[in-house]
Amino acid sequence: MNSLIKGLSTLLLLVSTQVAAQLQWAEYTDESELFSVNFPADPVVVEGIYHSEYGAIFPLKTYTVEIDDYFYQATVINYSEAQQTYLEMTDRTDEGTSPRLWIYDQLGAMAFMAQKFRNRGGEVTFDAWHHIDMIEGHQLQITNPDKSRTFAGIYLHNSRLYVTEATVPPDALPQGLFQQSLGFLDEDGVRIRYNLAADRSRTFARSYLQRRDGGMGP
């Protein structure tokens, strides 16, 4: 019986490895939402709505690829019209009298989304501050009840909340090729990079300024 179980485990690992090896990764860009990310195929793009922590409704887009037991999704929640949205709200929470609520909702959006992932269940094995190009965010890794693993990243930039989620079989490799590939773009479609100070103030990195001036930054 033990040899049979070992054989089945080896077969499942082999199949999982073969599927992962067949994925054809390429950069996907949406300049309208100011980001890029690597996907193993062209994603299905769906528009929807998002109910924020304080009861406001914002535009949402999901970009999804599913291949066998591999699930990849990027989500963008657009807060760019948040101030007007809150001015027009008629059904507010108890905190809704604050004129700055539209700001608080954005600043707390990463923490609120991280809690949504924790509330799904499973064992959280990584839960910590993170950054991409010195844009602050949060990453989680979760072993789900079915033993699949979820790798999530959450970042707030330019009045948008960006969420990446990869859920893969138990024996799949960590999904850094997807999770770490998120890039943030300016209005010209150029990737943004910052220097970050201890007080959380940010300045553009020199290589980025050179590119904007026509230089040869990376």
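Consider the stretch 174-184. How many of its residues are in a loop (DSSP other than H, G, I, E, B) and surrounded by 16 or more Cβ atoms within 10 Å (Cβ to Cβ)?
Matching residues across the stretch 174-184 total 4.
Quickly run through the stretch 139-157 and pick out the residues that are outside any strand (DSSP E or B) and of a type in the set (F, W, Y).
Passing the criteria: none in range.
Of all residues in the stretch 39-62, which are under 23 Å from Q24 (Cβ atoms), not in a strand (DSSP E or B) and not charged (D, E, K, R)?
Within the stretch 39-62, P40, A41, P43 meet the criteria.
Which one of these is surrounded by fewer than 21 Cβ atoms within 10 Å (Cβ to Cβ), in contact (Cβ under 8 Å) with a residue 24 or more places away in the chain, farther than 20 Å from L34 by Cα and not basic (K, R): D146, D171?
Only one candidate qualifies: D171.
Does A109 fit the bill of being closer than 30 Å to T203 by Cβ and at pLDDT below 95?
no
Out of the residues in the stretch 50-69 meeting the condition of being out of contact with any Pro (no Cβ under 7 Å at 6 or more places or on another chain) and over 17 Å from I154 (Cβ atoms), tell me which one is surrounded by the most Cβ atoms within 10 Å (Cβ to Cβ).
The selected residue is A56.
With the structure loaded, tell me whether G153 is closer than 22 Å to A82 by Cα, among the small types (G, A, S) and at pLDDT 95 or above or whether it fails that test.
no
Answer yes if at least one residue in the stretch 138-147 is among the polar types (S, T, N, Q) and within 15 Å of the chain's Cα centre (by Cα), and no otherwise.
Yes, that holds for at least one residue.
When you scan the stretch 112-131, how many residues do you find that are over 13 Å from the mean Cα position of the chain (by Cα) and among the aliphatic types (A, V, I, L, M)?
Number satisfying all stated conditions: 2.
The values are calculated or read from the model by the stated rules, or taken from the named source; none is laboratory data. No experiment lies behind these values; they were computed from the predicted model shown. Positions of Cβ are generated from backbone atoms using ideal geometry, with glycine treated the same way; all protein chains shown enter the neighbour counts.
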